[in-house]
Amino acid sequence: MLLLPTAHSKLPTPNSPPIHTSASHANMSSNHNKVLIASDHAGFALKEALEAELKALGYEVDDLGPGSEASTDYADYAHPLAARVSSGEAERGVLLCGTGLGMSYTANRYPHVRAAVAWTPEIAALARKHNDANVLVVPARFVSDEDAIAILRTWLGTPFEGGRHEKRVDKIERDPDAVDPHA
Ligand code: RB5
């Protein structure tokens, strides 16, 4: 089934709506046109398809691997991508593994990274509107190529709504001065 971007989303171009940045992250420079992409072996084939789609849309794509379907460990690819989004070097990243779970667990350990597993365009739209997701995680074994492209396009083209969602997104970051109850 071919799923098109939702009515809420705009046509994704390199001028896609910017990712919201918290005050502590706002002074980092990032390349608005650059999208990082990485997968494990389960997401490799779909990574290639989404990379081609991103390039066709005019994005600069930095493929962090892997380069084949040989067995890999998802965290080895999620860490480098998440670190670069966390630092502000890149504004957006796309991760793919079989379920999307291992990639999201790993990426979400980094400050300022909001990695959303999306298996429909509607979830991708809400991940942008409400959660300002800056990393899209695609469960490669559970979506078709056509679905994944619709999910990608929706995520790229949907702006963060801000408003009441802004303080909620800001609260995701841990207070660096908070006392660790387990310390
Ligand atoms: C690989 O078999 C699979 O476990 C991985 O792609 C992912 O689904 C893990 O979360």
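Every number here is computed from the coordinates shown, using simple stated rules; none is lab data. This one's a predicted model, so the numbers in the text were calculated from it and none came from an experiment. All Cβ positions, even for glycine, are placed from backbone atoms using ideal geometry, and neighbour counts span all protein chains on display.
Residues considered: A118, A52, A127. Largest GNM mean-square fluctuation over the chain, using C-alpha springs under 10 Å, is found at A52. For the stretch 140-183, trypsin sites (Lys or Arg not before Pro) are listed when DSSP marks them as loop and at most 16 other Cβ atoms sit within 10 Å of their Cβ; the list is K171, R174.
Lysine pair count for the chain (Cα-Cα distance under 23 Å; residues 8 or more apart in sequence or on different chains): 10. Applying the Kirkwood pairwise sum to the alpha-carbon positions of the stretch 31-170 produces a hydrodynamic radius of 14.5 angstrom.
Most mobile of L96, L136, L50 per a Gaussian network model of the chain (Cα springs, under 10 Å)? Result: L50 has the largest fluctuation of those listed.
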